[in-house]
Amino acid sequence: MMSKTLSRRERKKRETRQRLMEAALRLFREQGYDATTVEQIAESADVAKGTFFNYFETKEAILPALAEWRLGQLKEALMPERGAPASPVARIKLALRLVAADPLSDPAMARRLFAAGMCHRDIRPGRALLNLLAEQVRQAQAAGEIRADLDPIYLGGVIRALFFQQVMMWHHGYRPAPLPELLDAAVDLLLDGIAGPKWRQSP
């Protein structure tokens, strides 16, 4: 009987935590991070304000948990059995598009997320994204889409850096095309290379 009670209790705790995260993400998307209060998150999740602090120390502390949750959803979205492309390179492009569309990729939110991650070292969204991209690179190498002699962690880091650079440029007004198209083009440019016919002749 005790084990069943504990099981129900743990299930309720997980459900409450999930409701808080869903409410926070919805409010951040609708009215922005700064305008959203803990009281609003708790009210939207249908819990008392004090309940919020049973799960998260501060409003900032919910950000790494949100990122971890969203990355878990991203992993599922990249599964071919869930409808993702068969091509690993196409899945890399899909991953970047999905991350860019997430409200957590807004530059202001991303800065706070980075700061929160520094305080909560058990959750590192940037590292998690790197690992996700590196795994897709490994699969692309196995499929012959990317050279197999290159370090997948290094390439994952390069792709992640290109992603963040493109998103920041977009939010700073560099918009020659829709952001998803620019992200696709950045991956294609990385794969095709930028060298001209005489680059090896340079000193």
Looking at residue 71, is it modelled with pLDDT under 90, buried (at least 17 other Cβ atoms within 10 Å of the Cβ) and over 30 Å from residue 140 (Cβ atoms)? no
Q.
Suppose the filter is more than 24 Å from residue 100 (Cβ to Cβ) and either in contact (Cβ under 8 Å) with a residue 40 or more places away in the chain or surrounded by fewer than 17 Cβ atoms within 10 Å (Cβ to Cβ) (or both); does residue 60 pass it?
A. no
Subject >> Selection status of residue 53, modelled with pLDDT of 85 or more and part of a helix (DSSP H, G or I) >> reply: yes
Expected output for the range 27-44 (first residue among the basic types (Lys, Arg), partner modelled with pLDDT under 95 and surrounded by fewer than 19 Cβ atoms within 10 Å (Cβ to Cβ), Cβ below 6 Å, 6+ apart or cross-chain) is 29/103
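Okay, residues lined up against (1) within 27 Å of residue 136 (Cα to Cα); (2) of a type in the set (S, T, N, Q); (3) out of contact with any Pro (no Cβ under 9 Å at 6 or more places or on another chain); (4) not in a helix (DSSP H, G or I):
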position	(1), (2), (3), (4)
15	no, no, yes, no
21	no, no, yes, no
29	no, no, no, no
46	no, no, yes, yes
60	no, no, yes, yes
86	yes, no, no, yes
93	yes, no, no, no
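The rows are residues; the columns are (1) at positive phi; (2) part of a helix (DSSP H, G or I); (3) assigned by TED's automatic domain parsing to the domain that holds residue 79.
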| residue | (1), (2), (3) |
| --- | --- |
| 133 | no, yes, yes |
| 139 | no, yes, yes |
| 154 | no, yes, yes |
| 157 | no, yes, yes |
| 165 | no, yes, yes |
| 170 | no, yes, yes |
| 173 | yes, no, yes |
| 176 | no, no, yes |
Taking the range 62-84 and keeping residues assigned to a loop (DSSP other than H, G, I, E, B) and aliphatic (A, V, I, L, M) leaves 78, 79, 84
Across (1) loosely packed, with under 12 Cβ neighbours inside 10 Å; (2) outside the structural domain of residue 186 (by TED's automatic domain parsing); (3) touching a helix residue (DSSP H, G or I) at 6+ places or on another chain (Cβ under 7 Å), residue 9 clears everything bar (3)
Take residue 153 and decide whether it is surrounded by 19 or more Cβ atoms within 10 Å (Cβ to Cβ), at pLDDT 95 or above and in contact with a helix residue (DSSP H, G or I) (Cβ under 8 Å, 6 or more places away or on another chain).
no
* Hey, any hits in the range 82-103 for a residue that's at pLDDT below 85 and surrounded by 13 or more Cβ atoms within 10 Å (Cβ to Cβ)? -> yes
Hey, any hits in the range 29-42 for a residue that's within 26 Å of residue 132 (Cα to Cα), surrounded by fewer than 17 Cβ atoms within 10 Å (Cβ to Cβ) and out of contact with any Lys or Arg (no Cβ under 7 Å at 6 or more places or on another chain)? yes
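The values are calculated or read from the model by the stated rules, or taken from the named source; none is laboratory data. Since the model is a prediction, treat every value here as computed from it, not as a measurement. Methodologically, a virtual Cβ is constructed for each residue, glycine included, from the backbone with ideal geometry; neighbour enumeration extends over all protein chains shown.
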